[in-house]
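*Asks:* The structure's right below; bear with me while I get my questions together.
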Amino acid sequence: KPESLGKNINTKDYHESSACYSPDGNTLYFVSNKPDGLGDHDIYMSTKDEKGKWGESKNLGPIINTMYSEEGVYMHPDGKTLYFSSQGHESMGGFDIFKSIYNESNGTWSKPVNIGYPVNTADDDVFFVISANGRHGYYTTTDDGFGLRDLQMVTFLGAEKPMVLNNEDNLLASVAAPVKEIVVAP
């Protein structure tokens with residue numbers, strides 16, 4: 001049966017639109033338009049105490065939150081990479097998906113980075129989640145779909161591979177039968 005998370009998370013007069021747990025389940029990241037925010041909707045966090053009660057919520061501050069709206073918060077299973085959508089920062093238009101990494105040693109978030117095109121478009125790209133291995137991401141967009149919002153999947157191929165500028169056969173041949181002169185074509 002669903003239970004309220006309490007007054008430190010849920011408000012009577014404001015809108016809490018999305019939330020996610022940290023991997024250990026002891027921190028809740030959520031979006032609210034409470035009046036103490038920096039913009040329309042901001043990202044907050046609350047930590048669970050020893051009795052299992054959620055503590056007072058804390059705004060993540062101006063590194064994450066802007067004077068515009070933030071939405072669709074998601075903490076990666078690594079426990080330090082936060083994905084969220086924002087109309088602020090360096091948005092391509094509408095909501096774009098950003099990521100920021102928490103530095104545990106000094107307690108700060110890195111400057112949010114736009115994850116870029118083709119995931120982000122000039123339309124609203126929101127509610128991004130990524131698999132634990134970082135290979136697949138899922139999100140909603142309003143860009144040229146079948147309805148108002150469509151679910152998309154993206155596969156990340158990894159870092160771009162360097163162009164092959166020479167042939168490694170010379171290296172292999174030199175092990176079996178040393179080559180006196182190596183000529184490598186550009």
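The values are calculated or read from the model by the stated rules, or taken from the named source; none is laboratory data. Everything numeric in this text was worked out from a predicted model, so none of it was measured. Glycine also receives a Cβ, built like all others from the backbone with ideal geometry; neighbour counts cover every protein chain displayed. Ligands, DNA and RNA are excluded from the accessible area calculation, which covers all protein heavy atoms including side chains. Shrake-Rupley method; radii C 1.70, N 1.55, O 1.52, S 1.80 Å.
*Asks:* Return yes or no: is Ile101 of a type in the set (A, V, I, L, M) and either in contact with a helix residue (DSSP H, G or I) (Cβ under 8 Å, 6 or more places away or on another chain) or closer than 25 Å to Asn8 by Cβ (or both)? Working first, answer last.
*Replies:* On the way: of a type in the set (A, V, I, L, M): yes; either in contact with a helix residue (DSSP H, G or I) (Cβ under 8 Å, 6 or more places away or on another chain) or closer than 25 Å to Asn8 by Cβ (or both): no.
When the stated conditions are applied, Ile101 does not pass them.
*Asks:* Name every residue in segment 88-125 that is of a type in the set (Ser, Thr, Tyr), more than 20 Å from Gly39 (Cβ to Cβ) and in contact with a strand residue (DSSP E or B) (Cβ under 8 Å, 6 or more places away or on another chain), in order of residue number. Step through it out loud before you land on a result.
*Replies:* If we filter segment 88-125 for residues that are of a type in the set (Ser, Thr, Tyr), which is where we start, we get 91, 100, 102, 105, 108, 110, 117, 121.
Subsequent filtering for residues that are more than 20 Å from Gly39 (Cβ to Cβ) retains 102, 105, 117, 121.
Across segment 88-125, the qualifying residues are Tyr102, Thr121.
*Asks:* Hey, another quick one. If you take the residues in segment 82-94 that are within 17 Å of Ser22 (Cβ to Cβ) and touching a Gly at 6+ places or on another chain (Cβ under 9 Å), which one is least open to solvent (accessible area, probe 1.4 Å)?
*Replies:* First, the residues of segment 82-94 that are within 17 Å of Ser22 (Cβ to Cβ): 82-84.
Still in the list and also touching a Gly at 6+ places or on another chain (Cβ under 9 Å): 83-84.
Values: Tyr83: 21, Phe84: 2 Å².
That would be Phe84.
*Asks:* Out of the residues in segment 95-118 meeting the condition of being of a type in the set (D, E, K, R) and surrounded by fewer than 16 Cβ atoms within 10 Å (Cβ to Cβ), tell me which one is farthest from Ser22 (Cα to Cα).
*Replies:* Let us first name the residues in segment 95-118 that are of a type in the set (D, E, K, R), namely 96, 99, 104, 111.
Of the ones still in play, those that are also surrounded by fewer than 16 Cβ atoms within 10 Å (Cβ to Cβ) are 104, 111.
On the way: Glu104: 14, Lys111: 20 Å.
Of everything passing the filter in segment 95-118, Lys111 is farthest from Ser22 (Cα to Cα).
*Asks:* So, in segment 8-37, of the ones that are touching a strand residue (DSSP E or B) at 6+ places or on another chain (Cβ under 9 Å), more than 15 Å from Val73 (Cβ to Cβ) and open to solvent by 80 Å² or more (accessible area, probe 1.4 Å), which residue ends up modelled with the highest pLDDT?
*Replies:* Tyr14
*Asks:* Here's something else I'd like to know. Given (1) among the polar types (S, T, N, Q); (2) open to solvent by 70 Å² or more (accessible area, probe 1.4 Å); (3) modelled with pLDDT of 85 or more, where does Thr141 come up short, assuming only one miss?
*Replies:* (2)
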